[in-house]
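Chemist: Before anything else, here's the structure in question.
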Amino acid sequence: MISYDEALEHFEPVIGLEVHVELGTVSKMFCGCATTFGADPNSQVCPTCLGLPGSLPVMNGKAVESAIRIGLALGCDIAGWCRFARKNYFYPDMPKNFQTSQYDEPIAVEGSTEVVMPDGSTVRVDIERAHMEEDTGKSLHVGGATGRIHGASHSLVDYNRAGIPLVEIVTKPVIGPDSKAPEVARAYVAHLRELLLALGVSDVRMEQGSLRCDANVSLRPRSGGPQQPLGTRTETKNVNSLRSVERAVRHEICRQAEVLLAGGTITQETRHWHEDTGITTPGRSKEQAEDYRYFPEPDLVPVAPSTQWVEHLRQTLPEPPGLRRARLAGEWGFSELEMRDTVGAGALELVESTVASGAAPQAARKWWLSELSRRARAAGLELSELQVSPQQVAELQGLVDAGRVNDTLARQVLDGVLAGEGSPEQVVVARGLEVVSDDAALTEAVDQAIADHPDVAAKVREGKVAASGALIGAVMKQLRGQADAARVRELVLQRLS
Amino acid sequence: MSDDLLRLSGAALAERLAAGDTSSVEATQAHLDQIAAVDGDVHAFLHVDAEGALAQAADVDRRRASGATLHRLAGVPIAVKDVVATAGLPTTAGSRLLAGWVPPYDATLITRLRAAGLPILGKTNMDEFAMGSSTEHSAFGPSHNPWDLDRTPGGSGGGSAAAVAAFEAPLAIGTDTGGSIRQPAAVTGTVGVKPTYGGVSRYGLIALASSLDQAGPVTRTVLDAAMLHELIGGHDPLDSTSIDAPVPALVDAVRDADVRGVRVGVVRELGGEGYQPGVRSRFDEAVGLLADAGAEVVEVSCPHFDYALAAYYLILPSEASSNLARFDAMRYGLRVVPETGAAGGVPSAEDVMLATRAAGFGAEAKRRIILGTYALSSGYYDAYYGSAQKVRTLISRDFEQAFTRVDVLVSPTAPTTAFRLGEKLDDPLAMYLNDVATIPANLAGVPGLSLPSGLAEEDGLPTALQVLAPATADDRLYRVGGALETMLLDRWGGPLLDRAPALTAQPQQVPA
Ligand SMILES: [Zn+2]
């Protein structure tokens, strides 16, 4: 395939993104069933979300509230009156064989959001709409090689996910980023994640499918100028990691460029993304697309949020992530790079809580971005999943600041905390990890080390201060590391002066 | 004694129970015996639950003996149309697709019946998924009209109406999407009420057309209908379209029935051509009685009613095509697995869906699914579904305007008396015309009550009149219906059903 650079020489890419967010409501969109991820298959179902004959939906007010808050955070207008529709098509994981979804009357329209790029610049992305819908069940295709339906001997369906509230956020075509389109796609999704997290409306875990992305890509020839219409687009479905979003867009740009340069045309179609091989393959073409026969859902009444309610929700929106980041960077004295790394590591909230518990910002950042990041990586966990709280990290840093443990001991204290042995203080006591601060005991150990290494001691006496390291090491070893190395050095030099 | 119990109205039976003159077990058993005796001919029931009904009856008797406060209808047995979900009792909606399906949950109205202590005798026959006006579209064979077993008891709720007319049950539940309570009531000489849309919870009714469906009472007297209506009506948080307001005082409206000063509008468009002479003459007489009793009778025009049938047959199939999509063999009900798939080899889920739906739905259901699928298709939506919704709005406006001039509207319930089995089966349009007078109320969501108006002179079969009132003013149906019923009973010298031929007991068929 042709290179990205070559593709860009001839074409300008235009992207659009459709992001599905599973809302973190306690119950489903239209029934009272729980939404816990990972529950036993078909254990969170009822007549309504199984679509049993006679069952009826009832709107989850919390889901509507979340959808409105998302709309407001994206600068959208909130509809004063809107409805759900039925999207009719047959599929085994859809209990009613129609999806209850908003169609031509979305709850939020016409917004925009400023996306911060890795280099600190911003790109404005316009939002077409955000609408509510229910999720489908999940099919597991058994017996095939790929887990896809092709070649499978049978399929299992789990309806736990059926009826979980979704908000779909659709951008307008993003024109302008040009060669940066793949990075903008990624940055936009990352930005949405951060925004949704700040709103507290979803856990936005892409690996668990609570945030799913479809990426639209089209190309138009550079020779045509900026006024020409957009090219035919493809829609790559279910691109479910930030890295994949960028890769999939980049791949699709190259693939389409190659087709066009060879004199071919792009088919309007959905495409599947293959994480392993990094390519997309054709899905359904426009001609094959189903006629969904949308019509207003007669089992639900219209959604008509009052102006007062919407205004209340607007007033209580959290600080926008961009502003918040800038404020915290100022308060903490972080450089741009430090801030970006903190956000990138998903440690912003953790550092904030640690600072709130009394730790110095730089110390808090160091704990979370080095030692704790290393341990999270080793354990295959998110930082927030480590069994240590920001409060405990602040307490540990307090022990370091008070000189009660040194860095080596502090790491051992952390081992204890992560092993569930209690608070840092409790681990220090239980494991006997406190530094020896009794000068008499330290002096005794120093004298012993001098006696054991007379040749080294002689060198130090002759003025070779650097040689004192061996003596300090011997003392630390004798005290099993439980000493303040700086104080030991002082004592060694004092005895040998 | 037993025959005496059978002929009592629900309210009269309730009084005997309260007075300790009979027990619920005795009354329930009497009705079960009647079902055993006559249902071989009438075929009102698809499933009889003797054990469950008697257990409920015994429980009510026990509670009554212990001095507990009971609902006024406690212990009065009831039959339920098979479109209503009943936990532990088969619920088929008259379709092969649901043969043997037992719901794991109760419809809200069933929860209310059970809580009030009404023994459920069984589930009554109906046209498949409530599509029809004769019960001939039931997958389990038609019901027969107790007035003439060669005729249909109407539909779709012919089973409930026939059960009540054949004294197999004093009370029954029906559902009315375009007349399925009122038209069967009309042709069997019984009383049927379609409440205001949203007046009775739809939770647990297997949906035909969600924006039109409404459950209601099927009884032999207006008072019984009021009592049952008050019991099953009222707000239900499980139905978003349920009205969040108290049910009007319906029983009081019957007891205080008086039409003096009531403005009664005769709908010009619902009468005349296409209406059987006997239906018209009995209707005119009944209207005359109302006028004699002090009602102000005027003629009212509702010009858009002429388009009601056409709009209805676009809206109903559209919603039905979507509501019936869930019957796909994946989770419950009939499953037909073809030997090979469309593409050869092992059949796919889609192959199974196709084969099941092809085998499971009857001709009328298929006809309406195809109609609805077409009406909602892109490119046709505006012309069909969209236009039909506009007509619907115009019909609602006709009602609104009429109700600025009158308190209630009246018309014949059905254009003809009961027709013969098979007479209209091959002519869907003729079948659809049975509901021409009942459909406008469903489209506008207003309530309607049908009560017997007499017997047509040409065939001696029951005719009926319907009363229509503004939405949420269901009490007006009962005020006018109750008053008219009293005057008609006076004129007839007793219930119309006393004139129905006696059904002869048939020996029970013992399955081989
Ligand atoms: Zn559920």
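The values are calculated or read from the model by the stated rules, or taken from the named source; none is laboratory data. Remember, it's a predicted structure, so these values are computed and weren't measured experimentally. Cβ: placed from backbone, ideal geometry, glycine included. Neighbour counts: every protein chain shown. Note: accessible area is taken over every heavy atom of the protein model, side chains too, but ligands, DNA and RNA are not part of it. Shrake-Rupley method; radii C 1.70, N 1.55, O 1.52, S 1.80 Å.
Chemist: For region B:206-308, calculate the relative contact order in percent as a whole number, restricting contacts to Cα pairs under 8 Å that are 6 or more residues apart.
Modeler: Relative contact order comes out at 23 percent.
Chemist: Still on this structure, I have one more. In peptide A:293-303, how many Cβ atoms from other protein chains are near each Cβ within 10 Å, on average?
Modeler: Mean partner shielding for this stretch: 6.
Chemist: If you don't mind, there's one more thing I want to ask. By average Cβ neighbour count within 10 Å, what is the ranking of B:175-183, A:375-383 from highest down?
Modeler: Order by mean packing, descending: B:175-183, A:375-383.
Chemist: Additional query: Sorting A:T25, B:T69 by accessible area (1.4 Å probe), largest first, what list results?
Modeler: I get B:T69, A:T25, largest accessible area first.
Chemist: What is the magnitude of the charge dipole of region B:1-94 about its Cα centre, with +1 placed on the Cβ of each Lys and Arg, -1 on the Cβ of each Asp and Glu, and no other charges, expressed in debye to the nearest 20?
Modeler: Roughly 420 debye, rounded to the nearest 20.
Chemist: Taking only protein heavy atoms into account and a 1.4 Å probe, give the accessible area per residue of chain A in Å².
Modeler: 45
Chemist: Quote the convex hull volume per residue of region B:200-349, based on C-alpha atoms, as a whole number of Å³.
Modeler: Output value, Cα hull per residue: 212 Å³.
Chemist: Right, something else. Taking Cα pairs under 8 Å and at least six residues apart, what relative contact order does region A:4-313 come out at, in percent?
Modeler: 25
Chemist: Please calculate how many Å² of accessible area chain B carries per residue, with a 1.4 Å probe and no DNA, RNA or ligand atoms counted.
Modeler: About 34 Å² of surface per residue is accessible.
Chemist: Another question about this same structure. What share of Cα pairs, in percent, lie more than 52 angstrom apart in the protein assembly as shown?
Modeler: 38
Chemist: Reported to two decimal places, what Rg/Rh ratio describes region A:439-496 when computed on Cα atoms with Rh from the Kirkwood expression?
Modeler: When Rh is taken as the Kirkwood radius, the ratio is 0.92.
Chemist: Moving on to the next point. A drop of at least 40 square angstrom in accessible area, chain alone versus all protein chains together, probe 1.4 Å. Which residues of region A:31-73 meet that?
Modeler: Buried by the other chains: A:P47, A:L52, A:P53, A:G54, A:L56, A:V58.
Chemist: Sticking with this structure for a sec: In straight Cα distance, which lysines are under 23 Å from A:K286, not counting same-chain residues fewer than 8 positions off?
Modeler: A:K286 reaches A:K87, A:K172, A:K237.
Chemist: With no solvent and one point per C-alpha, what does the Debye sum give as log10 I(q)/I(0) for region A:333-431 at q = 0.10, 0.13, 0.19, 0.24 Å⁻¹?
Modeler: At q = 0.10, 0.13, 0.19, 0.24 Å⁻¹ the computed log10 ratios are -0.24, -0.41, -0.87, -1.34.
Chemist: Which of the residues in region B:91-106 lose at least 40 Å² of accessible area when you go from the chain alone to all protein chains together (probe 1.4 Å)?
Modeler: Buried by the other chains: B:Y105.
Chemist: Using the Kirkwood radius over C-alpha pairs as Rh, can you work out the diffusion coefficient of region B:209-270 via Stokes-Einstein at 25 °C, viscosity 0.890 mPa s, in µm² per second?
Modeler: After rounding, the answer is 173 µm²/s.
Chemist: For region B:357-506, taking Cα atoms only, what is the radius of gyration to one decimal and the Dmax to the nearest whole Å?
Modeler: Spelled out, the Cα radius of gyration and Dmax of region B:357-506 are 19.5, 59 Å.
Chemist: Using all C-alpha to C-alpha distances in region A:95-186, build P(r) with 5 Å bins and read off the rounded percent in each one.
Modeler: Spelled out bin by bin, region A:95-186 gives 3, 11, 14, 13, 11, 13, 14, 13, 7, 2, 0 percent.
Chemist: With point charges of +1 on the Cβ of Lys and Arg and -1 on the Cβ of Asp and Glu, referenced to the Cα centre of region A:4-313, which listed residue (A:Q256, A:Y89, A:F295) lies farthest in the positive direction of the dipole?
Modeler: A:Y89
Chemist: Just tell me which lysines come within less than 27 Å, Cα to Cα, of A:K477; anything on the same chain fewer than 8 places away is out.
Modeler: A:K366, A:K459, A:K464
Chemist: Measure off 7 Å from each Cα along the Cα-to-Cβ vector at B:A18 and A:A289, then give the distance between these two points in nanometres to one decimal.
Modeler: Between B:A18 and A:A289, the simple spin-label model gives 6.4 nm.
Chemist: Now, a different point. Using a 1.4 Å probe and counting only protein heavy atoms, how much accessible surface gets buried when A and B come together, both sides summed, in Å² to the nearest 100?
Modeler: Rounded to the nearest hundred, the buried surface is 2700 Å².
Chemist: Now for a separate question. Taking square-rooted eigenvalues a ≥ b ≥ c of the alpha carbon gyration tensor, is region B:146-254 rounded, prolate or oblate, where a/c under 1.5 means rounded and, failing that, a/b exceeding b/c means prolate?
Modeler: Because a/c hits 1.5 or more and a/b fails to exceed b/c, region B:146-254 counts as oblate.
Chemist: A further question on this structure: Over 10 Å intervals from 0, what percent of Cα-Cα pairs in region B:59-109 sits in each interval?
Modeler: Whole-percent P(r) values from 0 Å outward: 23, 36, 27, 13, 2.
Chemist: Over what distance in Å are the Cα centres of region A:1-58 and region B:1-44 separated?
Modeler: So the separation of the two Cα centres works out to 55 Å.
Chemist: While we're here: Taking the alpha-carbon set of region B:168-209, what are its Rg and Dmax in Å?
Modeler: 11.0, 29
Chemist: For B:347-354, what's the mean count of beta carbons from other chains sitting within 10 Å of each residue's beta carbon?
Modeler: For peptide B:347-354, the averaged partner shielding equals 3.
Chemist: Mind ordering B:54-61, A:248-255, B:272-279, B:140-147 by average Cβ neighbours within 10 Å, highest first?
Modeler: B:140-147, A:248-255, B:54-61, B:272-279
Chemist: For B:K366, give me every one of the lysines with a C-alpha distance below 19 angstrom, ignoring sequence neighbours fewer than eight places off in its own chain.
Modeler: In chain and number order, the partners are A:K96, B:K424.
Chemist: What value in Å³ per residue do you get for the convex hull of the alpha-carbon atoms in region A:4-313?
Modeler: 147
Chemist: Can you send over the solvent-accessible area of A:S66, 1.4 Å probe, protein chains only, in Å² to the nearest 10?
Modeler: 10
Chemist: In whole Å, what three semi-axes, largest first, describe the equivalent ellipsoid of region A:227-348 built from its Cα gyration tensor (square root of 5 times each eigenvalue)?
Modeler: Each semi-axis is the square root of five times an eigenvalue, giving 37, 30, 14 Å.
Chemist: Also, I was wondering about something else. Quick one: what Rg and Dmax do you get for chain B from the alpha carbons, in Å?
Modeler: Answer for chain B, Rg first and Dmax second: 21.8, 76 Å.
Chemist: While we're looking at this one, here's another question. Can you give the FRET efficiency to the nearest 0.05 for A:R461 and A:A378, using r as the Cβ-Cβ distance and R₀ = 51 Å?
Modeler: Efficiency, from the Cβ-Cβ distance: 0.65.
Chemist: Please compute, for peptide B:316-328, the average count of beta-carbon atoms on other protein chains lying within 10 Å of each residue's beta-carbon.
Modeler: Partner-chain Cβ atoms within 10 Å, mean over residues of B:316-328: 5.
Chemist: For a label point 7 angstrom out from the Cα of A:S112 toward its Cβ, which stretches of region A:174-191 have the backbone nitrogen within less than 20 Å?
Modeler: A:174-181, A:184-191
Chemist: Sort A:36-43, B:30-37, B:459-466, B:402-409 by the packing proxy (mean of other Cβ within 10 Å over each peptide's residues), most packed first.
Modeler: Ranking, from highest mean packing down: B:459-466, B:30-37, B:402-409, A:36-43.
Chemist: By how many nm would the segment from A:S353 to A:A486 grow when fully extended, if each residue of separation counts as 0.36 nm and the alpha-carbon distance is taken off?
Modeler: 44.8 nm
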